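In what follows, a single structure is set out as structure tokens and then discussed.
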Amino acid sequence: MANHTQLGFQDASSPIMEELTQFHDHALMVALAICSLVLYLLALMLTEKLSSNTVDAQAIELVWTILPAIVLITLALPSLRILYMMDEINEPDITLKAIGHQWYWTYEYTDFKNLTFDSYMTPTTDLPLGHFRLLEVDHRVIVPTESTIRVIVTADDVLHSWAVPSLGVKTDAIPGRLNQTSFLANRPGIFYGQCSEICGANHSFMPIVVEAAPLANFENWSSLLSS
């Protein structure tokens, strides 16, 4: 999870988040190159006397027309690729339904019988030692690693947003509408998120905790909870 001295993203825990991190670094390098070029040209204009031939040269006009188009293409193609990857959901292993309420989440594992629960934030007075304040919940979302999880997101009252940064997931929860997203946790761990839509007075008190565990552990947990 993030800490107070962190400058970059959280460590990626899904293939989509790895792609997003790489695209961020790619775009940042393009922006750095543009800023360096503009700074160099400004310094050149302040220190050198430009002739009329230089100012009116058609070659310069051609360069500053074609170069931005090339930059936009180098940004657009990877961006479109990631958008298609995020939108494509092929044969998910498990379907999870997340319902936003004021101010807690309800989760339904639609592939299992009677596997549903509410997830509330753990009060500070009841927080176990070593757990994170305002981020821990009484019931975590348990998912198996190396499995495609489809998440169907909706809301019961107002707008919410189901977001887990390290998994590269952020989907709005809209009353009367079903939105879907997917993720794949490529390693065991506990991943924290929060509602990312201003949904009322307790907006900052409805966290999301996803725990990725090996398949055998998930099967034991699901059999105990659904029995």
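The values are calculated or read from the model by the stated rules, or taken from the named source; none is laboratory data. Just so we're clear, the structure is a prediction, and the values are computed from it rather than from any experiment. Here the Cβ is made from the backbone with ideal geometry for all residues, glycine too, and neighbour counts use every protein chain on show. The protein model used for the area step is the full one, side chains on, heavy atoms only, and it has no ligands, DNA or RNA in it. Shrake-Rupley method; radii C 1.70, N 1.55, O 1.52, S 1.80 Å.
The single residue among Y84, Y107 that is within 18 Å of the chain's Cα centre (by Cα) and either over 13 Å from S182 (Cβ atoms) or outside any loop (DSSP other than H, G, I, E, B) (or both) turns out to be Y84. Listed residues A12, A2; which is among the aliphatic types (A, V, I, L, M), in contact with a helix residue (DSSP H, G or I) (Cβ under 7 Å, 6 or more places away or on another chain) and part of a loop (DSSP other than H, G, I, E, B)? Result: A12 is the single residue among A12, A2 that is among the aliphatic types (A, V, I, L, M), in contact with a helix residue (DSSP H, G or I) (Cβ under 7 Å, 6 or more places away or on another chain) and part of a loop (DSSP other than H, G, I, E, B).
So, of the residues in segment 191-213 that are over 15 Å from the mean Cα position of the chain (by Cα) and open to solvent by 60 Å² or more (accessible area, probe 1.4 Å), which turns out to be nearest to T116 (Cα to Cα)?
Per the stated criteria, the residue is F205.
For segment 182-195, a residue qualifies if it is over 15 Å from E18 (Cβ atoms) and touching a Phe, Trp or Tyr at 6+ places or on another chain (Cβ under 8 Å), and the qualifying residues are Y192, G193, C195.
Among the residues of segment 159-173, those that are open to solvent by less than 50 Å² (accessible area, probe 1.4 Å) and at negative phi comprise H160, S161, W162, A163, V164, S166, L167, V169, T171, A173.
Within segment 52-65, being surrounded by 10 or more Cβ atoms within 10 Å (Cβ to Cβ), modelled with pLDDT of 60 or more and farther than 16 Å from V38 by Cα holds for A57, L62.
Tell me whether segment 143-158 contains one or more residues that are open to solvent by less than 30 Å² (accessible area, probe 1.4 Å), at pLDDT 90 or above and in contact with a His (Cβ under 7 Å, 6 or more places away or on another chain). Within segment 143-158 (the criterion being open to solvent by less than 30 Å² (accessible area, probe 1.4 Å), at pLDDT 90 or above and in contact with a His (Cβ under 7 Å, 6 or more places away or on another chain)), the answer is no, since none of the residues qualifies. Residues in segment 116-133 that are open to solvent by less than 50 Å² (accessible area, probe 1.4 Å) and either touching a Pro at 6+ places or on another chain (Cβ under 9 Å) or not assigned by the TED database to the domain that holds P175 (or both): S119, M121, T122. Quick one: which of K113, K97, K49 is modelled with pLDDT under 85, over 30 Å from A33 (Cβ atoms) and open to solvent by 40 Å² or more (accessible area, probe 1.4 Å)? Unique residue meeting the criteria: K113. Restricting attention to segment 73-123, the residues being out of contact with any Ser or Thr (no Cβ under 8 Å at 6 or more places or on another chain) and under 16 Å from V209 (Cβ atoms) number 5.
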